[in-house]
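This report concerns only the one structure given below.
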Amino acid sequence: MIRNHSSMRRRGVSLAAAVLFSLPASEVLVFAQDPAVSGDEQFNGRWDITTTGGRSRAWWLEIENAGTPTPKGKFISAFSGDLNVIEEISISGRTLRFGWTRQERPSPGAEPVTRKLVYTAKLVNGRLEGVFEVEGSNQPLLEWIGVRAPVIKEMDDGTWREGKPIELFNGENMTGWASWDGQEPVGWSVKDGALASTGRGQDIVSQQKVWNFKLHVEFRLAQHSNSGVALRNRYEVQILDDYGRPPNAHSAGALYSRIAPSENASKPAGEWETYDIRLVGCQVTVAFNGKNVIEKGVIDGLTAMAHDADEGEPGGIALQGDHGPVEFRKITITPLMH
């Protein structure tokens, strides 16, 4: 794990041994404190959410106007990983309730049924303790915990210097990679020097964790395929077979559902492509096949590919493996330090 050299010195690690370690969140961020009120206003702000039990998920929530008659919010992820504006929301008696009502067909050709997605939470010792349920279904309740998202103060201001590059993929085997849940990867293998997913595999995450960095990735997609690279295992840069299409917040080169690229610089499916990504604090720059398509874009919070909701700590590089065949032949990360 790439961590802060000053904090490492306090633990007895020499400065010489720590020069590759980038700054940690403890040096560069503060956590938004609860407002100095005792009512529903305390729900305001951004929340990083982790579900508990079974398959862990990472969600993100933003609440505004709590304590007024017109609360509003945004949430990731309810539908297809998008950043969704909350349709139905109420806050009273220190209880938050929000959700959506949808018409869905349980199977092709069946009559549509109404499904109500409901998220409910209370504030307990400064954090959200909640449950998710689908009303009218047999789906069990899913418990979740929300903590205030940190306010990360670092800026990509030209003062960061490069450490020693680290090859995350050795071209021979999957050493250094694990499934998102820490188990052996499923659906991935190494073929002809490339890390390849069948398209039905799990997301995999590097065991190497970093904070601020430069990342060089070379990848190749099959036709109609889709993948992604998640920075710190939290923020997805979209990989998509969409050559020649107009750019948007879901196209290749986008910070998924949050920041659209300035242009679509993708190549036709089957050709090798490159990302050169720079992440400092919450500022991201993406060069796609040599063209800058995002320039110091500000990341407001988690994307749907996130498996690690702890935004204040270093994280791994995650590769999406369940949306279609994809190959990666070079993945090089360079820590950035002061």
As straight-line cross-link partners of Lys267, the qualifying aspartates and glutamates (C-alpha separation under 16 Å, not fewer than 8 residues apart within one chain) are Glu218, Asp241, Asp242, Asp276, Glu327
By the C-alpha gyration tensor axes a ≥ b ≥ c (rounded if a/c is under 1.5, else prolate when a/b exceeds b/c, else oblate), the shape of the stretch 107-251 is oblate
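Would you kindly state how much longer the chain becomes between Glu111 and Lys72 on full extension, computed as 0.36 nm times their sequence separation minus their alpha carbon distance, in nm to one decimal? Walk me through the numbers on the way to the answer.
Working: separation 39, 0.36 × 39 = 14.04 nm, distance 3.21 nm.
Using 0.36 nm per residue and subtracting the Cα-Cα distance, I get 10.8 nm.
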Per-residue accessible area, 1.4 Å probe, largest first, puts Trp47, Trp272 in the order Trp272, Trp47
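With n ≥ 4 as the cut-off for DSSP H runs, can you work out [θ] at 222 nm for the chain, using -39500 (n - 2.57) per run divided by the number of residues, rounded to the nearest 500? Working shown, then result.
Details: 2 runs with 10 residues, N = 338.
Calculated mean residue ellipticity at 222 nm is -500 deg cm²/dmol.
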Each label sits 7 Å from Cα toward the beta-carbon; between Thr332 and Glu313 the label points are separated, in nm, by 3.0
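On full extension of the chain, what length is gained from Glu64 through His216, given 0.36 nm per residue of separation minus the C-alpha to C-alpha distance? Please list the in-between numbers first.
Numbers: separation 152, 0.36 × 152 = 54.72 nm, distance 3.72 nm.
Taking Glu64 through His216 to full extension adds about 51.0 nm, to one decimal.
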A 1.4 Å probe over the protein heavy atoms gives the chain a carbon and sulfur accessible-area percentage of 48
Once both label points are put 7 Å beyond Cα along the C-beta direction, the Asn84-Met174 separation in nm becomes 3.1
With every protein chain in place, the accessible area of Lys153 for a 1.4 Å probe, in Å² rounded to the nearest 10, comes to 130
Probe 1.4 Å, heavy atoms of protein chains only: per residue, the accessible area of the stretch 96-232 in Å² is 52
Set Lys72/Lys122; Lys74/Lys296; Lys214/Lys330, cut-off 19 Å on Cα-Cα distance; pairs above it are Lys74/Lys296
Length gained if Gln103 through Lys291 is fully extended, taking 0.36 nm per residue and subtracting the Cα-Cα distance, is 63.5 nm
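Decide, for the chain, between rounded, prolate and oblate: order the square roots of the alpha carbon gyration tensor eigenvalues as a ≥ b ≥ c, take rounded if a/c falls under 1.5, and otherwise choose prolate if a/b is larger than b/c, else oblate.
oblate
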With label points set 7 Å from each Cα along the Cα-to-Cβ direction at Val131 and Glu263, the distance between them in nm comes to 5.3
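Work through the residues other than Asp242 whose Cβ is under 14 Å from its Cβ and net out their charges, Lys, Arg +1 and Asp, Glu -1. Write out the running numbers ahead of the final one.
On the way: positive: Arg245, Lys267; negative: Asp241, Glu263, Glu271, Glu273.
Every neighbour counted, the sum reads -2.
The values are calculated or read from the model by the stated rules, or taken from the named source; none is laboratory data. On a predicted model such as this, the values are computed, not experimentally measured, just so you know. Every residue, glycine among them, receives a Cβ derived from its backbone with ideal geometry; neighbour counts consider all protein chains shown. Remember, those area values only see protein heavy atoms, side chains included, never the ligands or the DNA or RNA. Shrake-Rupley method; radii C 1.70, N 1.55, O 1.52, S 1.80 Å.
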